[in-house]
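Read through the structure below, which is laid out as structure tokens, and then see the notes.
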Amino acid sequence: MNKNIIKRVIKYMLKSKLYMVLSLFSATITVIASLIAPMLIGKTIDKMTGKGLVDFGYVFKVIIIIALVYIVGNVFNWILTYLTNLITFSSVNTIRHDLFKKISTLPLKFFDNSPHGDTISRFVNDIETISDGMIQTLSTLLTGIVTIVGAIGFMFYLNHAMTLVVLISSPASYFMARFITKRSQKMFKKQAKILGNLNAYIEEIIEGQKVVKAFNYEDHTIKKFKDINNDLCKVGTKSQFYGSLSGPSTRVVNNIIYSIVGVIGCFAAILGKLTIGDISSFLIYSTLFSRPINDITAIFTQIQAAAASAERVFYVMDMESEVSDKKIDIDVHNKEGVISFKNVDFAYTPEHPLIKNFNLTVNQGSRVAIVGKTGAGKTTLVNLLMRFYEINSGGIFIDGTNINEISRDSLRTNFGMVLQETWLFCGTIKENIAYGKPNATEEEIISAAKASGSSSFIRHLPKGYDTIITDLGENLSQGQRQLLTIARVMLVDPPMLILDEATSNIDTITELKIQKAFLKMLEGRTSFVIAHRLSTIKESDIILVMDNGNIVQSGTHEGLLEKGGQYAELYNSQFAPV
């Protein structure tokens, strides 16, 4: 079990210092009550087994005292349980918050390379497993430590020799538990990993159900799910089996010790060195001494599962965040707004370079169209401009300032992006349009909707602008979702625009309306338009044709057609008669 992982979990628990102190106090009172009772029981037994009449008055008094002691112990045990739950949920709340905060600082590379279902599993399943482990472990450890120390003290008071027998024999339980734990921990790590894979696959299939059904792929998905689920079942069964061995194994060892102590106690009683009551008390104390060890080994399964899950959570927390931001802000509204790419090199993976020695200068107000085959590097160029990915070498400048010197918030505020992938959240139409400008007035929202051409369908919705959009906008058509994302950008009214296949999901008639709105919005603004549908970029000031991360042609629509080459091939492939 990784000691560093355990230390980090403990650090989170120690943030609730007051609750920890109160928990330790409650555990101490609980344990003291459990330790006083055996001594009283031993004295009472001696009173009842001695010569002469039994002093029932004394016995009844002791019974009342024992009852009060147990009542006090149980009350504080309840308080301990309540406090440990507070500590656990407070710690888990902080862990989940830190994980979400970390996620927001990670570069897009993480999201591109990690299955979303597995990431969600870390938030939900893994943190829930950590919570279960904390609840099971915290009270057991707090009471266990105090119990062991107290039980040793009382045992020494009753008989030194028998106490030494218990202490010398007790490490056998620890080594037995450790032997099993080392071999089962790998199983729990594997179980957590497979569970993450299962979540990722489920999310993937649910999200793509239309495609699955369209291609009659249900049987294949069921088979793959069955394979992953069976792997989880096998690994889960093995991990639970091996983890559950520690409890019974340590109990066998402790019972052997208990038997040896009982035999020694009998001989001590025969020799007159211990009373029957003392033997009874000692045996109870030896049981109390071994109980925490038994309890801890009994919950080893939860501890190991929690440790494996914590390792997965902290793995993400330890990932390298985006390069730290500079403090420089920039506002292109009243500046030249010249964008320059100088000797830019970039690769998603070192062995596959995509962009090499890329150079480009875009003047303020220019309308730049970027075209090319799939994988040519069009969207990558935009990702680098927005600092979603960091370039490997060279520089990108706005009015002579390297974008690496500009804070990401300030840089991205100057750009409005409309992507092919539409993202909407669960909320009203109004809230989704105002996502980039939460303080926008209702008039501004309606004006942006009209400009984007979305107001017509919004008016026909049951509650208009107050209509609730379900998760990811599934109750709207793809085209309607795209119109809302366009309205969102129009409301923000940024000085520079990036349109990445922004009208690809919209019908031709609606597209013509939006093109007019775009032309109005693009006036005086620097804009980058990525499009496969070449009819949408004829009015661009300059068209860049990209291939393998480089500009192979540039010019106006008419000029490029006259030159021939790749642009003419792309254009003719769309408009030449079949």
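See the values below:
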{"quantity": "Residues of region 15-28 classified as open to solvent by 20 Å² or more (accessible area, probe 1.4 Å) and either closer than 20 Å to Y157 by Cβ or not in a helix (DSSP H, G or I) (or both), total", "calculated": "2"}
{"quantity": "Test set (1) basic (K, R); (2) within 16 Å of G42 (Cα to Cα); (3) in contact with a Gly (Cβ under 9 Å, 6 or more places away or on another chain) - K273 fails condition number", "calculated": "(3)"}
{"quantity": "Lone qualifier among D112, D118, D55 - being surrounded by fewer than 17 Cβ atoms within 10 Å (Cβ to Cβ) and closer than 29 Å to T129 by Cα", "calculated": "D112"}
{"quantity": "Options S281, S239, S259, S290: the member that is in a helix (DSSP H, G or I), on the phi < 0 side of the Ramachandran plot and either acidic (D, E) or open to solvent by 30 Å² or more (accessible area, probe 1.4 Å) (or both)", "calculated": "S259"}
{"quantity": "Pair list, Cβ under 9 Å, 6 or more apart: region 456-479 residue within 10 Å of L424 (Cα to Cα) and outside any loop (DSSP other than H, G, I, E, B), other residue among the polar types (S, T, N, Q) and modelled with pLDDT under 85", "calculated": "I469/N475; L472/T422; G473/T422; G473/Q480"}
{"quantity": "Flag for A440 being touching an Asp or Glu at 6+ places or on another chain (Cβ under 6 Å), in a loop (DSSP other than H, G, I, E, B) and open to solvent by less than 50 Å² (accessible area, probe 1.4 Å)", "calculated": "no"}
{"quantity": "Filtered residue count, region 423-435, keeping only those that are open to solvent by 30 Å² or more (accessible area, probe 1.4 Å), touching a Lys or Arg at 6+ places or on another chain (Cβ under 8 Å) and modelled with pLDDT under 85", "calculated": "0"}
{"quantity": "Subset of region 348-403 (residues that are acidic (D, E) and within 25 Å of S321 (Cβ to Cβ))", "calculated": "E351, E390"}
{"quantity": "Criterion (over 39 Å from the mean Cα position of the chain (by Cα), at pLDDT 70 or above, on the phi < 0 side of the Ramachandran plot and not in a helix (DSSP H, G or I)) met by exactly one of S540, S527", "calculated": "S540"}
{"quantity": "Positions within region 367-387 being open to solvent by 10 Å² or more (accessible area, probe 1.4 Å), in contact with a Lys or Arg (Cβ under 9 Å, 6 or more places away or on another chain) and in a loop (DSSP other than H, G, I, E, B), in sequence order", "calculated": "none"}
{"quantity": "Considering residues of region 84-93 that are open to solvent by less than 60 Å² (accessible area, probe 1.4 Å) and within 15 Å of Q136 (Cβ to Cβ) only, the residue nearest to the chain's Cα centre (by Cα)", "calculated": "V92"}
{"quantity": "Exclusive hit being touching a residue at least 24 places away in the same chain (Cβ under 8 Å) and of a type in the set (F, W, Y), set Y285, Y315", "calculated": "Y285"}
{"quantity": "Candidates S121, S139 - the one that is over 30 Å from I36 (Cα atoms) and assigned to a helix (DSSP H, G or I)", "calculated": "S121"}
{"quantity": "Residue in region 345-358 that is among the polar types (S, T, N, Q) and either modelled with pLDDT of 75 or more or part of a helix (DSSP H, G or I) (or both) present", "calculated": "yes"}
{"quantity": "Pairs where the first residue, in region 229-251, is of a type outside the set (A, V, I, L, M) and the second is open to solvent by less than 30 Å² (accessible area, probe 1.4 Å) and modelled with pLDDT of 80 or more, C-beta under 6 Å, 6+ apart", "calculated": "D231/I194"}
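The values are calculated or read from the model by the stated rules, or taken from the named source; none is laboratory data. Remember, it's a predicted structure, so these values are computed and weren't measured experimentally. No Cβ is skipped: glycine too gets one built from the backbone with ideal geometry, and neighbour counts run over all protein chains shown. Accessible surface areas use protein heavy atoms only, side chains included; no ligands, DNA or RNA. Shrake-Rupley method; radii C 1.70, N 1.55, O 1.52, S 1.80 Å.
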